[in-house]
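**Student:** My questions all concern the structure below.
Values quoted throughout were computed directly from the atomic coordinates according to the rules given, and no laboratory measurement underlies them. In this text the structure is predicted, and so the values were computed from the model without any measurement. Cβ placement follows ideal geometry from the backbone for every residue including glycine, while neighbour counts extend to all protein chains displayed.
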Amino acid sequence: MSTARLWRENPSRYNLAASKCGVCGKVFFPPRNVCSTCHRKSIGKMEQLLLSGEGEVYSYSVVHEAPSQFEMLKPYVLAMVRMDEGVMLTSQLIDVDPKEVDIGMRVKTTLRKVGEDGPAGVIYYGYKFTPNP
Amino acid sequence: MREVAIIGVGDTKFGELWDMGFRDIGIAAGLAAVQDANLAAEEIDALYVGNMSAGRFIEQEHVAALIADYSGLARDNIPATRIEAAGASGGLALRQGYLAVASGMHDLVVVGGAEKMTDVGDTMAAEIQSSSTDQQWEVTFGATFPALHAMIARRHMHDYGTTREQLASVAVLNHLHGSMNPKAQFQRAIDLKTVLNAPPVAEPLGMFDCAPSSDGAAAVVLCAMEKAHKHTDKPIRILASAQASDTLALHARSDITSFQATRVAARHAFKQAGLEPKDIQVAEVHDNFTISELLAIEDLGFFPKGQGGKAVVDGQVAIGGKVAVNTSGGLKARGDPIGATGVAQVVEIVSQLRGTAGKRQVAGARFGLTQNVGGTGATVVVTILGAN
């Protein structure tokens, strides 16, 4: 993977940059240039929005078979989280006993190392979730 | 639009075919279909090939030209086109062939699907398969193809009370069907305990909730109905072909316990065919995971939302039940060579409607359906077939 491919996503991976339709108010993450409801009426009217980072678990899985780059982490909890702004994100849920995880659990994002682009490539960072009691 | 018939089918055994390469399996299925249709090569107008990722599995792109070449059709310089929509590549290739004949552009078309997955290791095969989901915003963060389906299962259990045992029953039934299919990858029946005690892959799904990596190919010959009787006494009609899309990432949907693309494609297909779900006696659905079969039988309208698990346990999708589902063994037991799967589903339904399915024959099957899914439901193709 080229460094640029990761670098150009930094605003969303680091700061949860999303977009909001200026017509209907629907929020998208990652940001989109056109709203899937308002179509052409939304062109030029998509506004940037930074997500608060807080939300609740919509669904989750404990992953035992993982790609090579997550080998050291397994088993790990993967979750889909509905953010308080209404949009959903997928990432790992960490610093938690997998047995304690449940649908509806309050969580918040935290900045962590997400992966490495091979043994000699860049290390990249992004959001993971932790419990938010 | 003209009526379109299937006049020939062919497939290879699915499994770990160490002694066969991509071109071997592709040609074996294609030749079998052409022989079944009693054709001369000169009569073929065009070739469509469903394939997900030959570029990553065998480092070979441009595979439609390759198949045309090794089947001897390149000498006639016919158009050969590869179609890709992840797991729905085969179903979509069939739809492109169908449209070409229905439109009047071509009279006689061969549609194949092929994937050679075992030339790479298991971990690499899983990574390639996961590229059918959102690589940047799901996979990068640790999502795997099984994990995304596990989250669908978890939510389905939460919203509808679906149980682990109901999920496991899907695998038990499809292995039973596979035990009657000499071309299936797994031909051994299993019990509930085997599924429940298997090592976890992505909880709540274990090893026996997941379809395997497979090599294999399947092919069908399509012909304008008005010319089909020249080739066969038993043409099978394509009564409907429908396709729908949805968001690439699962998290971009408001509800993940249903595939909206299946619902929309099914609605269009039943309308085109002038049929209802209760008219279908036999169906091949995309059970790449046990949960996927529950979603399919609910979203296709065979059972009410949330009742899929109960229907499986009650024997309603077994041979002799309300609608026989995955008589081939499905992706779980027959195997899942990704690009071949959608075409292989159609091959099974044609056998059922011809009455040649042997031990797994559904008595009195007149109408059959296939549902072929790409990714986590971002592409769905539904096809309805009828005995003539």
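**Student:** For peptide B:371-380, how many partner chain Cβ atoms fall within 10 Å of a residue's Cβ, on average?
**Tutor:** If you average over the peptide's residues, the count of other-chain Cβ atoms is 0.
**Student:** Work out from phi, with θ = phi - 60° and the Karplus expression 6.51 cos²θ - 1.76 cosθ + 1.60, the ³J(HN,Hα) of each residue of region A:66-77, listed in order in whole Hz, and give x for Gly and Pro.
**Tutor:** Going residue by residue, I get 9, x, 3, 6, 9, 3, 6, 8, 6, x, 10, 8 Hz, with x marking Gly and Pro.
**Student:** Here's another thing I want to ask about it. Roughly how many nanometres apart are two label points built 7 Å out from the Cα toward the Cβ at A:Lys74 and B:Gln272?
**Tutor:** Those two pseudo-labels are separated by 4.0 nm.
**Student:** From the phi of every residue in region B:305-322, what ³J(HN,Hα) in whole Hz does the Karplus formula 6.51 cos²θ - 1.76 cosθ + 1.60 yield, where θ is phi - 60° and glycine or proline is x?
**Tutor:** Listing the rounded values in order: 4, x, 9, x, x, 5, 4, 5, 4, 6, x, 6, 10, 7, 5, x, x, 4 Hz.
**Student:** Any idea what % of Cα-Cα pairs in chain B are farther than 28 Å?
**Tutor:** Summing the P(r) of chain B above 28 Å gives 38 percent of all pairs.
**Student:** Continuing with this model, one more query. Would you calculate, for chain A, the mean residue ellipticity at 222 nm contributed by helices, counting each DSSP H stretch of 4 or more residues as -39,500 (n - 2.57) and dividing by all residues, to the nearest 500?
**Tutor:** It comes out at -1500 deg cm²/dmol, rounded to the nearest 500.
**Student:** Based on the mean of other beta carbon atoms within 10 Å per residue, what is the order of B:22-28, B:333-339, A:43-49, most packed first?
**Tutor:** Numbers: B:22-28: 22.6, B:333-339: 31.6, A:43-49: 13.6.
Peptide ranking by packing, descending: B:333-339, B:22-28, A:43-49.
**Student:** When only Cα pairs under 8 Å and 6 or more residues apart are kept, what is the percent relative contact order across region B:282-386?
**Tutor:** 30 percent
**Student:** Continuing with this model, one more query. Summing Lys, Arg as +1 and Asp, Glu as -1, what charge do residues with Cβ under 14 Å from the Cβ of A:Arg112 carry, A:Arg112 excluded? Intermediate results must be reported in sequence, preceding the final value.
**Tutor:** Values: positive: A:Arg13, A:Lys108, A:Lys113, A:Lys128; negative: A:Asp95, A:Glu116.
Value of the local net charge: +2.
**Student:** State the Cα centre-to-centre distance between region A:68-133 and region A:3-51 in whole Å.
**Tutor:** Region A:68-133 and region A:3-51 have Cα centres separated by 21 Å.
**Student:** Kindly state, to the nearest 0.05, the FRET efficiency for B:Arg366 paired with B:His62, given R0 = 56 Å and r defined as their beta-carbon distance.
**Tutor:** The pair B:Arg366/B:His62 has a calculated efficiency of 0.85.
**Student:** Continuing with the same structure: Counting Lys and Arg as +1 and Asp and Glu as -1, each charge on the Cβ, what is the dipole of region A:52-131 about the Cα centre in debye, to the nearest 20?
**Tutor:** Its charge dipole is roughly 60 debye.
**Student:** Another one. If contacts are Cα pairs under 8 angstrom and at least 6 residues apart, what is the relative contact order of region A:52-131 in percent?
**Tutor:** Reported as a whole number, the value is 31 percent.
**Student:** Whole number please: convex hull volume per residue of the Cα set in region A:52-131, in Å³?
**Tutor:** Roughly 89 Å³ of hull volume per residue.
**Student:** Whose amide H sits under 5 Å from the amide H of B:Val4, counting only residues 5 or more places off or on another chain, with H placed in the peptide plane?
**Tutor:** For B:Val4, whose amide H was placed from the backbone, the distant partners under 5 Å are B:Met225, B:Ile238.
**Student:** How well do other chains shield peptide B:249-256, expressed as the mean number of their Cβ atoms within 10 Å of each residue Cβ?
**Tutor:** 5
**Student:** Over chain B, what relative contact order in percent results from Cα pairs under 8 Å that are six or more residues apart?
**Tutor:** After rounding, I find 26 percent.
**Student:** Using a 10 Å cut-off around each Cβ of peptide A:69-79, what is the average number of partner chain Cβ atoms that fall inside? Don't jump to the answer; show the numbers that get you there.
**Tutor:** Numbers: counts 3, 3, 1, 0, 1, 1, 3, 2, 3, 10, 6.
The shielding value for this peptide is 3.
**Student:** Which ³J(HN,Hα) values, rounded to whole Hz and listed in residue order, are derived for region B:216-232 from phi using the Karplus coefficients 6.51, -1.76 and 1.60 in 6.51 cos²θ - 1.76 cosθ + 1.60 with θ = phi - 60°, glycine and proline given as x?
**Tutor:** Listing the rounded values in order: x, 8, 8, 8, 9, 10, 9, 8, 4, 3, 5, 10, 5, 5, 5, 10, 8 Hz.
**Student:** Could you check what % of the DSSP bridge pairs in chain B are antiparallel, to the nearest 5?
**Tutor:** Around 75 percent antiparallel, to the nearest 5.
**Student:** Let me ask you something else. Give me the net charge for the shell around A:Pro98: Cβ to Cβ below 14 angstrom, other residues only, Lys and Arg +1, Asp and Glu -1.
**Tutor:** The answer is -2.
**Student:** Let me ask another. Compare the Cα positions of A:Gln92, A:Ala79, A:Gly22 along the charge dipole of chain A (+1 at Cβ of Lys, Arg; -1 at Cβ of Asp, Glu; about the Cα centre) and return the one farthest towards the positive end.
**Tutor:** Highest projection toward the positive end goes to A:Gly22.
**Student:** Within straight cross-link reach of B:Lys234, meaning Cα distance under 21 Å, which lysines are found once same-chain residues fewer than 8 apart are removed?
**Tutor:** B:Lys359
**Student:** Next question, about the same structure. Starting from the Cα coordinates of the protein assembly as shown, work out the convex hull volume and express it per residue in Å³.
**Tutor:** Residue-normalised Cα hull volume stands at 150 Å³.
**Student:** For B:Glu43 paired with B:His229, estimate the spin-label separation in nm (one decimal), with each label point 7 Å from Cα along the Cα-to-Cβ line.
**Tutor:** With each label point 7 Å from Cα toward Cβ, the separation is 1.5 nm.
**Student:** Is there a pair in B:Lys278/B:Lys305; B:Lys183/B:Lys332; A:Lys20/A:Lys108; A:Lys74/B:Lys332; A:Lys41/B:Lys271; B:Lys116/B:Lys183 whose C-alpha atoms are over 22 Å apart, and which pairs would that be? Provide the component values of the computation, followed by the final result.
**Tutor:** Values: B:Lys278/B:Lys305 15 Å; B:Lys183/B:Lys332 13 Å; A:Lys20/A:Lys108 20 Å; A:Lys74/B:Lys332 25 Å; A:Lys41/B:Lys271 32 Å; B:Lys116/B:Lys183 16 Å.
Correct reply: A:Lys74/B:Lys332; A:Lys41/B:Lys271.
**Student:** Sticking with this one: Using Stokes-Einstein with the Kirkwood hydrodynamic radius over Cα pairs, what translational diffusion coefficient do you get for region B:123-276 at 4 °C and a viscosity of 1.567 mPa s, in µm²/s rounded to a whole number?
**Tutor:** The Stokes-Einstein estimate is 69 µm²/s.
**Student:** Using only alpha carbon positions, build the gyration tensor of region A:1-86, then give the equivalent ellipsoid semi-axes as the square roots of 5 times its eigenvalues, largest first, whole angstrom. Kindly include the intermediate steps, with their values, before the conclusion.
**Tutor:** Details: eigenvalues 175, 61, 25 Å².
One finds semi-axes of 30, 17, 11 Å for region A:1-86.
**Student:** Continuing with the same structure: With each pseudo-label sitting 7 Å past Cα toward Cβ, what's the B:Asp314-A:Asp95 distance in nm, one decimal?
**Tutor:** Spacing of the two 7 Å Cα→Cβ label points: 4.8 nm.
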